[in-house]
1. Please work out the C-alpha center-to-center distance from the range 127-152 to the range 190-222 and express it in whole Å.
2. Please state, rounded to one decimal and in Å, the Kirkwood hydrodynamic radius that the range 93-223 gives when every pair of distinct Cα atoms enters the mean of 1/r.
3. Give me the Debye-computed log₁₀ of I(q)/I(0) at q = 0.10, 0.11 Å⁻¹ for the range 63-349, equal point scatterers on Cα only, no solvent, two decimals.
4. Going by how many other Cβ atoms sit within 10 Å of their own, how do 160, 105, 54 line up, fewest first?
5. Can you sort 272, 74 from fewest to most other Cβ atoms within 10 Å of each residue's own Cβ?
6. Report the net charge of residues surrounding residue 88, where surrounding means a beta-carbon distance below 14 angstrom and charges are Lys +1, Arg +1, Asp -1, Glu -1.
7. Could you please rank 222, 87, placing first whichever residue has the fewest other Cβ atoms within 10 Å of its Cβ?
8. At q = 0.12 Å⁻¹, work out log10 I(q)/I(0) for the range 257-317 with the Debye formula, treating every Cα as an identical point scatterer and leaving solvent out; two decimals please.
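Read-outs: derived from the displayed coordinates by stated rules, not from any lab. Quick caveat, the model's predicted, so the values are computed rather than measured. Cβ placement follows ideal geometry from the backbone for every residue including glycine, while neighbour counts extend to all protein chains displayed.
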Amino acid sequence: MSNSPHPSIAADAGVSTEKSPAEPGAKAQERHSLGDLRRRIASRYGIVFVWLLMAAFFAGLAPRTFLTFGTFQTIFGSQSTLVFLGMAAVCTFVVGEFDLSIASMMGLSATVLPVLVVNQGVPEWLAVIIALAVGATAGGVNAFVIVKLAIDPIVTTLGMSVLLLGIAQAISNLVAVTGLSSGLANAAVYNVLGLPISFYYGLIVAITFAVVLAFTPLGRHMTFVGANREVARLSGIKVQRIRYGAYIFSGLSSGVAGVLLAASVGGFDPSTSGSYLLPALAATFLGTAVVRPGTFNPIGTLITIYFLVTGIVGLQLLGYSSWVSNVFYGAALIIAVTVSTIARSRLLRR
């Protein structure tokens, strides 16, 4: 005699006597969803995992020097200038523009501040406003030539970069101008939880910029303009106004970077401004592989700035010379542009 329950009894007891044909398909779908989730996490935050592995690598090789609070401060407390330059670059890239003059705009603002205060006796608060206005004005000139006169942005901003560098060298007489007060320095280097307050300035600006791009009409319009300028215009978006605004913000953000840099060190040498362009561009392009793959985004740029400097500091602690920074940033820029191009092409094929 069979021990199987009668179908009616099994039904009354809530026991199924048949296997659901959908069960294998549901498991396959669940596995597929988990696989998609892993791929999304890997594509968006892969650099964060690499960053952690890199930090563990350096910690294992040089625990006495890398695993110190001083190294932590070096990595996170000295990059506010690059953060603001990165935001300047992101703003123009998002709307489909290009700006090679961000480092020179920073350098001019950083030179104007000590020249006005030390050489001309202008009050520091007024000199800060003038230095920021200089950066915004330089961005406005870029906008006029590129947007109004329709001149190629690469040619324009490259020429502007050289022009601004020459102006900075002229007003400083080719020497580093120093002598800013410690009170002004506190606006950049005042210690908050072990890090200079300028670190938090950059963090706030990056998060605010990311929120604007993701959740406001202005951010959506900027993205739309960058994706297809003509379609955006036909949709009623003020394309020219947005392009103007992007360049002016780029100049203003570069000006803030210059003011913070000059304030933190007490002055500035304009001949060093060009050294900031490559790191800013490398971080901006590499940032397209983080958070929102294939798109320029502030949070991705913020993360990659500290990712790159972690690698450089770690290598220098292992005994490599200062030339390693140029090699590291140059290689990062090449890799970043390649990754960005591949990611964008994949997005377009979807």
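1. Rounded to whole Å, the Cα centres lie 22 Å apart.
2. Working: mean 1/r = 0.0595 Å⁻¹.
About 16.8 Å for the range 93-223.
3. Values, matching the q order: -0.52, -0.63.
4. Numbers: 160 22, 105 34, 54 15.
In increasing order of surrounding Cβ atoms, one gets 54, 160, 105.
5. On the way: 272 13, 74 17.
By the 10 Å Cβ count, ascending: 272, 74.
6. Numbers: positive: none; negative: 97, 99.
So the environment of residue 88 carries a net charge of -2.
7. Details: 222 23, 87 28.
Placing the least packed residue first, the sequence is 222, 87.
8. Normalising to I(0) and taking log10 leaves -0.38.
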